[in-house]
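Q: First the structure, then my questions, so here it is.
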Amino acid sequence: PGQGVVRASQIDSLVPHFPLCMRTLHTALRRDNHLRYFGRQQYGLFLKGIGLSVEEALAFWRSSFSKCTDEKFSKEYRYNIRHNYGLEGNRRNYKPRSCAQILTDAAPGANEHHGCPYRHFSEDNLVTALQSLGVSDQAVLRGVRDDVRNKQYHVACTRVFEATHKAAGVNSPVGVGVGMESVTHPNLYYDRSVQFAR
Ligand code: SF4
């Protein structure tokens, strides 16, 4: 992964390496068999960044939108996916969005799941989401609450990275020992997590 090749069928097994924003999108996609436009953009470009080719992206979204007909898929979604790979329209080769971009995008509305959960979730929902990732250490959860109150969303994300990668021998204050000062890009989070697992 990283610069490697990832197949559509591997995505579910790679989710443990995803930061919370992308897990949230993946979970919503699996639950609803659908994602709205901004979610598709944020998640689709992230998946491109981890090594999904345009053919695999089309296969992934087609099978994920399981309630959609082939005709509707071709008409409404195929173009956008190919567009993100620079194969339609202005042929720009779009890059995955950074945390700074994601944090300044429009906030998710009803039934939307894009954005940064550290910023957009209520504190209670955030804690519930983190507990479902296995983050139960009260000191870590307290630290995340403080980070969020101080609007240090990427620091909260780094703290969670560290808490969830302790098995690899990391037990450090924020920003030390994970090979990055703090999370600045969802794809960086992914790359570091995959490196850790090796
Ligand atoms: Fe995603 Fe960045 Fe927010 Fe982490 S800080 S959840 S990588 S947008």
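The values are calculated or read from the model by the stated rules, or taken from the named source; none is laboratory data. All figures in this text were calculated on a predicted structure; none of them were measured in a lab. Methodologically, a virtual Cβ is constructed for each residue, glycine included, from the backbone with ideal geometry; neighbour enumeration extends over all protein chains shown.
Q: I need every pair where a residue in the stretch 42-67 that is at positive phi has its Cβ under 7 Å from the Cβ of a residue that is among the polar types (S, T, N, Q), sequence separation at least 6 or different chains.
A: Taking only residues 6 or more apart or on different chains, the pairs are G51/Q3.
Q: Can you find even one residue in the stretch 50-70 that is under 30 Å from Q195 (Cα atoms), among the polar types (S, T, N, Q), more than 16 Å from the ligand (Cβ to nearest atom) and exposed (fewer than 14 other Cβ atoms within 10 Å of the Cβ)?
A: The answer is yes, given that some residue of the stretch 50-70 is under 30 Å from Q195 (Cα atoms), among the polar types (S, T, N, Q), more than 16 Å from the ligand (Cβ to nearest atom) and exposed (fewer than 14 other Cβ atoms within 10 Å of the Cβ).
To keep it simple, each residue is scored yes or no on (1) within 15 Å of the ligand (Cβ to nearest atom); (2) at pLDDT 95 or above.
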position	(1), (2)
R91	no, no
A100	yes, yes
G115	yes, yes
H165	yes, no
V174	yes, no
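Q: Among helices (runs of 4 or more DSSP H) lying entirely in the stretch 6-59, which contain 2 or more residues that are within 15 Å of the chain's Cα centre (by Cα) and of a type in the set (V, I, T)?
A: 20-32
Q: Let me ask something additional. Write out, first by first residue and then by second, each pair whose Cβ atoms fall under 9 Å of each other, whose residues are 6+ apart or on separate chains, and whose first residue, in the stretch 136-152, is under 13 Å from F121 (Cα atoms) while the second is in a loop (DSSP other than H, G, I, E, B).
A: Qualifying pairs under 9 Å: V144/V135; V148/F121.
Q: List the number of the failed condition for V194; all other conditions in (1) hydrophobic (A, V, I, L, M, F, W, C); (2) under 23 Å from I50 (Cβ atoms); (3) more than 12 Å from the ligand (Cβ to nearest atom); (4) modelled with pLDDT under 90 hold.
A: (4)
Q: Select from the stretch 5-39 the residues that are away from the ligand (no atom under 16 Å from the Cβ) and among the small types (G, A, S) and write down the one among them that is surrounded by the fewest Cβ atoms within 10 Å (Cβ to Cβ).
A: S13
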